[in-house]
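The values are calculated or read from the model by the stated rules, or taken from the named source; none is laboratory data. A quick note: this is a predicted structure, and the numbers were derived from the prediction, not measured. With ligands, DNA and RNA removed, areas are computed over all heavy atoms of the protein, side chains included. Shrake-Rupley method; radii C 1.70, N 1.55, O 1.52, S 1.80 Å.
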Amino acid sequence: MKALNNVQAGTLGGTLVSVWSSFDWSDMMNTAVMAVVGATVSYLTSRLLEGRRRNRRR
């Protein structure tokens, strides 16, 4: 892999710093928590429906 020259390294560093500072970490945590809750509800609902389907077949 070719090494970065000073201009490329500076551009990459500036881009990363500007992107890093634009994140709102509280919103990201809220999104992560909501994703976990949604996945859990989806999993439990599918298990519940699967159990009901098995009971109807008997």
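Computed quantities for the displayed model
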| quantity | calculated |
| --- | --- |
| Those residues of segment 24-52 which are hydrophobic (A, V, I, L, M, F, W, C) and under 14 Å from the mean Cα position of the chain (by Cα), in sequence order | 25, 28, 29, 32, 33, 34, 35, 36, 37, 39 |
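For every residue, the table says whether it meets (1) hydroxyl-bearing (Ser, Thr, Tyr); (2) assigned to a loop (DSSP other than H, G, I, E, B); (3) open to solvent by 90 Å² or more (accessible area, probe 1.4 Å).
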site	(1), (2), (3)
7	no, no, yes
15	yes, no, no
26	yes, no, no
35	no, no, no
42	yes, no, no
48	no, no, yes
52	no, no, yes
55	no, no, yes
